[in-house]
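Let me begin by presenting the structure, written as structure tokens, before commenting on it.
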Amino acid sequence: MKYLNIVPGVSAYNDAGRVFSYNILDISDDVTDKVVARDKGVCQYCGFQADKHQIAHYTGQDPDKSGEMNRIENFVTACHYCQQCFYLDRVAMMESGALIWLPEIGQAALNHICRAVYIARITQGPIADAARETLDVLLSRKKEAENRLGTDDIAQMATVLQDFFEPVEYKNRHEKLKHMRILPLDRRIVHEGDLEFNQFPQILAYWRSKDGPFGAHPPRGWAENFLLAKEKLSA
């Protein structure tokens, strides 16, 4: 299966730099359910499959058009990690990612690695130690992002994309950002009414459950993701 490309962006623009007035993150539960069912819970950007906690991601170009946000053909299924890359302004608000420079590993592969790292980190023994070491190595790449981009702050990068990129620059932003990655963190701060909470432990618990995507596999199987990454980054 050929997966879709992940290009960092902000929620106010489409890929051509056109400004939206509609909140493209305001997607109905009905649309989400239909899109995820159609795609069998498979993220169309990285291939991660899960029956819960997947998202309908808008891929159209004009959400302000009447009826546009109700057409399921305008959406694909995405995991939290892939979807957040398109909305750096939201990542900053949710505190769910860090800006790093990582040409060795693509964004989709990094997302797979981080899922395995966070699952392994709460186990015991050498695999848990290796997971923590891998995360430390990945976090160390924040400094290189600052050296290359002038900042390692996601909120600042979102502001640059939204306020200082001309439409043609935004459309071609991949060239400038092709080695930049969003390192998924172990938090996802969401708001419901006046309440604020970290949704990530709930997601992690499902991933680890017997019905979750990691539940049926022995630790060594999914740990290969980050063990290979650690070896590559340490070379």
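What follows is calculated from the coordinates using simple rules that are stated; it is not laboratory data. As the structure is a prediction and not an experimental result, all values here were calculated from the model. Quick reminder, even Gly has a Cβ in these numbers, built from the backbone with ideal geometry, and neighbours come from all protein chains shown.
List of remarks:
- Residues 176, 2, 171 arranged by fewest to most Cβ contacts within 10 Å: 2, 176, 171
- Taking 0.36 nm per residue of separation and subtracting the current Cα-Cα distance, fully stretching the chain between residue 129 and residue 38 would add 28.9 nm.
- Taking the chain and dividing mean pair separation by its residue count, relative contact order in percent (alpha carbons under 8 Å, at least six apart): 24 percent
- CD proxy at 222 nm, helix term only [per DSSP H run n ≥ 4: -39500 (n - 2.57); per residue of the chain; nearest 500]: -12000 deg cm²/dmol
- Taken along the Cα-to-beta-carbon direction at a fixed 7 Å, the label points for residue 177 and residue 216 span 3.6 nm.
- Given the choices [x] 49, 42, 38; [y] 54, 42, 41; [z] 52, 37, 35, Cα extents along the principal axes in Å derived from the coordinates of this structure is entry [y].
- Nitroxide proxy distance, nm - points 7 Å out along Cα→Cβ at residue 192 and residue 140: 4.0 nm
- Cα-based values for the range 68-127, radius of gyration first and Dmax second, are 14.9, 50 Å.
- The number of Lys pairs in the range 29-234 with C-alpha atoms less than 24 Å apart, excluding pairs fewer than 8 positions apart on the same chain, is 17.
- Of the DSSP H helices in the chain, not one has a Cα length along its own long axis of 27 Å or more together with a mean Kyte-Doolittle hydropathy reaching 1.6.
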